Amino acid sequence: MDNTRKRALGAAGAGALAVVVALGIASSAGAAASTLHAAAAEQGRYFGTAVAAYKLSDSVYTGILDREFGMVTPENEMKWDATEPSQGSFSYGSADQIVNRALSHNQRMRGHALAWHQQQPGWAQSLSGTALRNAMVNHITNVATHYKGKIYAWDVVNEAFDDGGSGARRDSNLQRTGNDWIEVAFRTARAADPDAKLCYNDYNTDGQNAKSNGVYAMVQDFKARGVPIDCVGFQSHFNSASPVPSDYQANLQRFANLGVDVQITELDIEGSGTTQADNYRRVVQACLAVTRCTGITVWGIRDSDSWRASGTPLLFDGNGNKKPAYTSTLTALGGGNPTSTPPSSPPVSSSSSSQPPIPSDGCTATVARVDQWQGGFVVTVRVTAGANGTNGWAVTLPLPSGATVTNAWNTNRSGSVFSNVSYNGRIAAGQFTEFGFQGTGTAGTLTPSCSAS
């Protein structure tokens with residue numbers, strides 16, 4: 001197991017524990033260099049991944065999960081829409097499946113996420129003011145109490161700061177209940193699950209910028225006033241347009257200097273080959289250089305499991321084979337001699353993401369991936385250009401009755417029509433781009449149609 005959660009021990013108990021730990025390290029030293037989890041544990045860190053409940057029947061997926069990772073984060077199963085689909089009525093089936101399996105395999109859990117402006121059930125979206133604040137408090141209390149003692153760290157609040165240059169809070173229905181809502185969320189979580197670490201989690205905060213400065217000021221204020229906050233999560237979603245910043249390590253360190261742990265919580269790096277491998281190495285080395293960087297979680301196992309699948313951003317390819325990025329990550333953690341382990345059986349997927357035939361003209365749209373959980377779903381759609389390429393495109397995709405889109409990326413949306421944004425309208429002949437969206441309800445059978453300009 002990774003670092004065990006610290007508990008108060010008497011001198012005799014501490015001595016006994018030291019003997020047990022020493023024996024455990026000695027007995028597992030030979031295997032420590034061969035997996036991400038074991039190598040990270042030798043460095044005093046954890047190495048984890050995000051998990052989807054519906055994939056736990058996939059033997060390739062679970063084989064890698066059990067071999068390589070010591071920390072587990074549910075992708076969607078603990079979010080508000082999944083755990084409280086009707087007000088006051090809680091549903092833990094999918095999340096329990098992940099938690100119970102992880103604990104039975106000696107893996108620890110990160111809880112994700114108690115309060116977020118996205119993936120709220122429809123009934124919560126319709127509330128405001130005191131009613132919404134009370135609903136948030138009740139939700140956090142119930143979910144954190146249900147998992148009390150089983151969670152290493154909670155993402156108590158997720159993505160509450162604006163992406164602009166102001167460093168201000170994001171305008172959301174939660175923010176409009178009052179500027180103290182984040183503090184209330186953390187105090188509520190502490191009361192419900194007092195032994196868990198409580199984290200704030202966000203993206204585009206990996207280097208020093210207006211957004212990370214805003215988060216920094218909040219954490220500094222919380223520590224000064226005794227608001228319970230133990231850690232800050234850095235999502236670290238990188239690609240060529242948003243690379244690993246040159247001050248990544250320094251930024252982690254300045255947060256650690258406030259007296260909180262820092263964790264890399266949703267790491268994925270688009271790319272391939274040596275460049276991708278070097279970027280993963282840089283991230284791992286930055287974490288190891290910061291004493292209070294307690295662990296790294298990659299956001300998915302295989303490239304085909306990623307929400308950014310077309311960017312091949314993970315450590316294992318779609319067939320479950322180790323990539324150069326895996327080797328560089330293991331080596332940076334102090335491991336070595338990794339061997340390529342072929343999967344024992346073909347991967348199971350809810351939908352195919354293989355490249356469709358090139359259309360003779362115009363464009364085609366295909367559903368590349370659907371992730372469905374109780375009360376919500378995520379859909380990825382692939383747009384492929386015909387023989388003449390495209391300067392712009394629009395995809396019509398009606399949803400089943402009762403399904404509602406809550407947010408979308410890489411696209412502009414008007415009703416059931418999704419169109420290109422400025423950077424992905426021009427597609428060369430036979431090439432493709434992808435967009436996606438989250439929703440509440442059930443995705444059902446989706447039949448998109450595409451028109452090109």
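Charge dipole of the chain (Cα centre as origin; +1 on each Lys and Arg Cβ, -1 on each Asp and Glu Cβ, all else neutral): 600 debye, rounded to the nearest 20. Under 19 Å of direct C-alpha separation, and excluding same-chain neighbours fewer than eight residues apart, LYS223 reaches these lysines: LYS197, LYS211.
For the chain, the per residue solvent-accessible surface stands at 39 Å², with DNA, RNA and ligands left out and a 1.4 Å probe. Secondary-structure-derived ellipticity at 222 nm for the chain, considering helices only, amounts to -9500 deg cm²/dmol, per-run term -39500 (n - 2.57) for DSSP H runs with n ≥ 4.
Listed by chain and number, the aspartates and glutamates whose C-alpha is less than 16 Å from the C-alpha of LYS148, apart from same-chain residues fewer than 8 away, are ASP96, ASP193, ASP195. Peptides 242-248, 58-64, 259-265 ranked from most to least packed give 259-265, 58-64, 242-248, packing being the mean of other C-beta atoms within 10 angstrom over each peptide's residues. Protein-only accessible surface at a 1.4 angstrom probe places the residues LEU198, LEU258 in the order LEU258, LEU198, largest first. Local charge sum around HIS139 (other residues, Cβ-Cβ under 13 Å, Lys/Arg +1, Asp/Glu -1)? So the environment of HIS139 carries a net charge of 0.
Just the protein heavy atoms count here, and of the accessible area of the chain at 1.4 Å, carbon and sulfur take up 51 percent.
The values are calculated or read from the model by the stated rules, or taken from the named source; none is laboratory data. None of the values given here were measured: they were computed from a predicted structure. Positions of Cβ are generated from backbone atoms using ideal geometry, with glycine treated the same way; all protein chains shown enter the neighbour counts. The protein model used for the area step is the full one, side chains on, heavy atoms only, and it has no ligands, DNA or RNA in it. Shrake-Rupley method; radii C 1.70, N 1.55, O 1.52, S 1.80 Å.
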